[in-house]
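Step one of this worksheet: look at the structure below.
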Amino acid sequence: MVEVWIDILAVLDGTARLATPLMFCAMAGLVSERSGIVDIGLEGKLLAGAFAAAAFTTLSGSPWAGLAAALASSTVLALVHGFACITHRGEQIISGVAINILALGMTVVVANALFRHGGHTPALGAGERFAPIALPLVETLRALPLVGPLYAELISGHNLLVYAAFMSVPLVWWLLWRTRFGLRLRAAGELPEAVDSVGVSVPALRYRGILIAGLLCGLAGAYLSTAHGAGFVREMSAGKGFLALAALIFGRWKPLPVLFACLLFGLLDTVAPRLQGVDLPLIGPVPVALVSILPYVMTVVLLAGFFGRSIAPRALGRPFVKEHQGP
Amino acid sequence: MLGDDGAGESSHAAVRLRGITKRFGAVLANDDVDLDIPAGTVHGIVGENGAGKSTLASIVYGLHAPDGGSIEIAGRPAVLRSPGDAIALGVGMVHQHFMLIPTFTVLENVVLGIEGSFRLRSGEADNRARLKDLSLAHGLEIDPDALVDDLPVGLRQRVEILKALFRGTRILILDEPTGVLTPDETDRLFANLRAVCDAGGTVVLITHKLREVMAVCDSVSIMRHGRLVGSRKTSETTPGELAELMVGRKIGQAVRMSESSVRSPVLRVEGLTWRSPGGAPGLQNVSLELRAGEILGVAGVSGNGQSELLDVLSGLSGVQEGHIEFAGRRIDRASPATPAGMRALGLTHVPEDRHRRGLVLPFEARENAVLGRPECAGPGLWTSGTAMQAQAERLIARFDIRPPEPRLPATAFSGGNQQKIVLAREFESEPVVLLLGQPTRGVDIGTVEIVHSRVMALKERGTGILLVSTELDEILALADRIMVMSGGRVVGTVPAADATVRQLGLMMTGAGEGAGA
């Protein structure tokens with residue numbers, strides 16, 4: 001009985017770790033898309049952040065310097081996106097795809113130039129990563145039945161960024177639904193003309209939304225290479241940015257449902273390797289690849305309107321043109 | 001006009017414009033406009049579509065910067081770089097297309113931009129109380145927590161007015177506010193505007209409906225081709241004089257309808273029901289009969305099933321329940337018809353939204369002239385420049401389309417001439433049945449006359465015409481019978497000769513049907 005409990009806790013523990021970059025990226029996408037800017041460049045910003053974090057940590061020896069670099073690099077990409085889509089009213093999908101391709105190529109090229117390591121950064125030592133944090137009284141409470149292991153194995157012992165990811169959800173919710181900034185930002189994503197007509201700048205709002213998205217993606221990147229992993233590996237984001245986008249749509253652009261989508265996708269990611277070679281009655285060996293594509297399949301099914309409907313912000317992807325041309 | 005020392009005068013003008021000029025590319029939208037709007041009055045600005053009324057209003061509201069001229073608000077020179085500047089000076093605007101976030105509550109929409117504090121909660125109680133005071137003071141009751149999406153159009157407009165008043169508006173501009181309202185809602189709006197004036201405010205009403213100007217305005221300014229051509233006190237003018245000023249020449253009253261003898265039915269619809277996926281009313285059990293040489297007018301507030309009716313009849317949407325009998329065919333769920341099929345049977349369609357459905361705007365006029373009529377485009381699968389040119393020239397001659405240039409893209413034509421391209425194309429095949437959606441929306445008065453006379457001529461030649469229009473005047477002028485729709489149902493059908501605006505207005509709100517407005 002206790003062993004099953006420990007197993008469950010281990011799975012949930014893995015879920016939290018794998019869902020962390022999804023949560024950061026999905027919250028980034030939520031803020032950006034609620035302001036009306038499609039953020040398909042989550043993947044690129046995540047990857048750039050991961051590389052910058054690993055590279056600067058290697059060069060400086062401090063994961064905090066790496067974190068700062070991750071925030072900066074991913075913010076710069078966000079600003080490029082903003083310059084193309086907000087200032088010049090470009091096509092948002094194209095700009096996002098360009099950022100993804102740019103990040104994919106640049107990280108490997110710069111990694112080769114700096115470290116001559118086949119597009120990787122050197123592995124980071126223990127002091128160069130965000131270490132697990134033991135919450136108070138862990139050893140005292142561990143002995144308690146059921147609750148003890150829950151606290152010690154699942155709640156305690158994560159690194160700072162995992163806690164930050166969980167904190168980002170209520171923070172984003174509070175910012176968007178409980179503040180003046182959030183009200184205006186969401187209005188800009190629904191009917192930017194209305195925001196303009198009450199004398200508030202739509203571009204300024206959208207730039208701020210995009211900046212927040214950049215910062216959150218930077219956190220996710222730093223997590224990948226200096227907390228979850230120990231160094232940058234080429235293409236290490238491995239579609240997590242797209243998965244976060246799927247979670248965002250799956251969660252209907254609302255923080256709590258998006259959180260659950262991230263956790264669900266993280267759970268699937270955790271159990272997939274554990275199911276490798278497991279025989280289920282009647283079905284036979286579990287097709288692991290099928291489990292891996294489940295998040296995308298579920299998102300497509302949701303988008304097709306099979307269970308509930310996912311309604312995007314109305315002005316999503318629509319550039320805001322202030323002055324109508326012609327009478 | 002006055003000397004520089006007109007300080008005593010300016011205290012009476014809420015808005016004073018001098019030499020306002022605004023250009024959009026090659027179009028001169030406002031040409032040296034001088035205008036004084038007296039404080040504490042309802043002032044109308046009338047003009048045809050494209051006369052520059054909305055541009056002028058946008059300039060006063062800070063949405064467009066004028067290329068030249070000066071603005072004074074409440075006696076002080078004003079530089080308006082954004083709506084924020086105008087709001088600060090007490091100017092508010094209710095736009096033609098509502099500037100409301102459907103997913104927000106009334107209160108959230110009202111306070112947007114002036115929430116009072118960074119945390120929404122801390123300002124909420126004050127805002128709520130202020131909104132309530134304003135509602136009571138002006139007789140504009142509203143539930144502050146209702147979602148705007150759930151409100152009927154009349155109430156949404158009320159929210160817009162409250163939104164402006166909440167910002168301390170003393171000069172309220174309304175741009176074509178009645179287009180989406182029933183006559184009853186219009187009356188209520190005018191009462192509200194009067195209340196705003198009585199409380200010391202100034203109202204500027206932009207409209208093309210002379211009846212409304214006469215009903216509610218104290219004074220009126222008339223615009224034509226970007227220029228201000230005159231100002232009148234409404235007590236000292238007539239609709240006829242205003243119309244002449246708007247158009248620049250005498251216009252005859254609407255085309256008189258001729259009594260055509262009753263002929264055989266050409267289109268019969270029984271129990272048509274269509275549910276839209278978006279949850280809009282769709283169509284519920286609609287039955288109608290259209291005879292040859294008859295115009296059946298479909299009246300109703302926009303969005304009550306008229307568009308869906310046109311879609312289903314033209315074959316764009318499939319029949320779900322009920323059936324259509326046309327040209328010896330029975331169209332129902334089991335045997336659907338395509339738009340091309342319906343055209344082949346002799347039913348053509350002038351869509352309500354010519355930009356989205358009637359024309360391909362970047363295409364040349366001659367290419368647009370053969371859309372849906374492949375037989376005019378050339379032999380077989382090929383298109384022939386000569387054939388398209390000939391077809392376009394035919395249409396241009398018949399409808400006096402200007403400029404007469406078949407190679408010009410459709411975007412280069414004015415709204416009225418774009419509409420003429422669509423009408424000419426659909427009229428030319430002498431259809432058995434014509435579905436005519438909003439034939440004169442956004443079209444200048446001169447063109448309205450032409451369109452109406454061509455519609456009557458087509459009817460004389462025996463075409464059955466289903467006319468959908470939100471302009472009651474148009475329906476009353478053209479239709480033989482009037483069918484009123486509300487909430488996707490047919491409320492009733494009355495002979496045009498016996499119909500009154502008041503009776504139709506009541507029917508449009510679904511009165512007696514139990515259908516919520």
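Can you tell me the 0 to 90 degree angle between the C-alpha axis of helix A:160-178 and the longest principal axis of chain A, rounded to 10? Once rounded, one gets 40 degrees. The heavy atoms of B:ASP145 offer some 90 square angstrom of accessible surface to a 1.4 angstrom probe. Between the listed residues B:SER117, B:MET507, A:VAL11, the Cα displaced farthest toward the positive end of the dipole of the protein assembly as shown, a dipole computed from Cβ unit charges relative to the Cα centre, is found at A:VAL11. Between B:GLY47 and B:THR207, B:MET223, the built amide H atoms are under 5 Å apart, and every one of these is 5 or more places off in sequence or on another chain. Which shape class, rounded, prolate or oblate, goes with region A:2-303 when its Cα gyration tensor gives a ≥ b ≥ c as root eigenvalues, a/c under 1.5 marks rounded, and past that a/b bigger than b/c marks prolate? Verdict is prolate for region A:2-303. Rounded to the nearest 500, the helix-only mean residue ellipticity at 222 nm of chain B stands at -9500 deg cm²/dmol, with each DSSP H run of n ≥ 4 adding -39,500 (n - 2.57). Projecting the Cα atoms of B:PRO339, B:GLY240, B:LEU478 onto the charge dipole of chain B (Cβ charges, centred on the Cα centre) puts B:PRO339 farthest toward the positive pole. Accessible area of B:GLU241 (1.4 Å probe, protein heavy atoms only, ligands and nucleic acids ignored): about 60 Å². Using only side-chain charges placed at the Cβ, +1 for Lys and Arg and -1 for Asp and Glu, the dipole size of region B:10-247 relative to its Cα centre rounds to 540 debye.
B:TRP274 exposes around 40 Å² of accessible area when a 1.4 Å probe is run over every protein chain in place. A Cβ-based charge dipole, computed about the Cα centre of region A:83-211 with Lys and Arg at +1 and Asp and Glu at -1, lands at about 220 debye. For region A:172-226, the list of trypsin sites (Lys or Arg not before Pro) that fall in a loop by DSSP and count at most 10 other C-beta atoms within 10 angstrom is empty. What is the Cα centroid distance between region A:222-246 and region B:459-476, reported in whole angstrom? So the two Cα centres are separated by 64 Å. For chain A, the longest principal axis of the C-alpha atoms and the axis of helix A:180-190 are separated by about 70°. Any chance you could give the angle, 0 to 90 degrees and rounded to 10, that helix A:42-60 forms with the longest Cα principal axis of chain A? Approximately 60 degrees, to the nearest ten. Electrostatic bookkeeping for A:VAL286 treats Lys and Arg as +1 and Asp and Glu as -1; over the other residues with beta carbon under 11 Å from its beta carbon, the sum is 0. Where both bridge residues fall in region B:141-242, DSSP classifies roughly 55% of the beta bridges as antiparallel.
Put the Cα centre of region A:251-301 next to the Cα centre of region B:131-166 and the gap is 47 Å.
Using a Gaussian network for chain A with springs between C-alpha atoms less than 10 Å apart, which of these wobbles most: A:GLY284, A:GLY182, A:GLY214? Of A:GLY284, A:GLY182, A:GLY214, the Gaussian network model singles out A:GLY284 as fluctuating most. Taking the Cα centre of chain B as origin and assigning +1 to Lys and Arg Cβ atoms and -1 to Asp and Glu Cβ atoms, the resulting dipole is close to 800 debye. Taking a sphere under 14 Å around the Cβ of A:LEU275 and counting the other residues whose Cβ falls inside, with K and R at +1 and D and E at -1, yields a net charge of -2. Accessible area per residue for chain B, computed on protein heavy atoms with a 1.4 Å probe, is 42 Å². Within the protein assembly as shown, antiparallel bridges make up roughly 60 percent of the DSSP beta bridges whose residues both belong there. Here chain B is scanned for trypsin sites (Lys or Arg not before Pro) in DSSP loops (not H, G, I, E, B) that have at most 13 other Cβ atoms within 10 Å, and the longest stretch holding none of them is B:82-248. Each other residue within a Cβ distance under 13 Å of A:ALA111 adds +1 if Lys or Arg and -1 if Asp or Glu, for a net charge of +1.
Peptide B:118-127 has a mean of 2 when you count, residue by residue, the C-beta atoms of other protein chains within 10 Å of its C-beta.
Of the beta bridges in region B:10-247, as assigned by DSSP with both residues counted there, near 55 percent are antiparallel.
Computed over the Cα atoms of the protein assembly as shown, the ratio of the radius of gyration to the Kirkwood radius (Rg/Rh) comes to 1.04.
Each residue of region B:228-235 was assigned a 3J(HN,Hα) from its phi angle through the Karplus expression (A = 6.51, B = -1.76, C = 1.60, θ = phi - 60°), giving 8, 9, x, 10, 9, 7, 5, 5 Hz with x at Gly and Pro.
Over chain B, Cα pairs under 8 Å with separation of 6+ residues give a relative contact order of 14 percent.
Remark: accessible surface ordering of B:GLU426, A:GLU43 (largest first) is A:GLU43, B:GLU426, probe radius 1.4 Å.
Peptide B:101-107 has a mean shielding of 4, counted as Cβ atoms of other protein chains within 10 Å of each residue's Cβ. According to the square roots a ≥ b ≥ c of the eigenvalues of the Cα gyration tensor, what is the shape class of region A:26-166, taking rounded for a/c under 1.5, prolate for a/b larger than b/c otherwise, and oblate for the remainder? Verdict is oblate for region A:26-166.
The values are calculated or read from the model by the stated rules, or taken from the named source; none is laboratory data. Note that the structure is a prediction, hence the values are computed from the model and not measured. Cβ coordinates were reconstructed from backbone atoms using ideal geometry, including for glycine residues, and neighbour counts include every protein chain displayed. Accessible surface areas use protein heavy atoms only, side chains included; no ligands, DNA or RNA. Shrake-Rupley method; radii C 1.70, N 1.55, O 1.52, S 1.80 Å.
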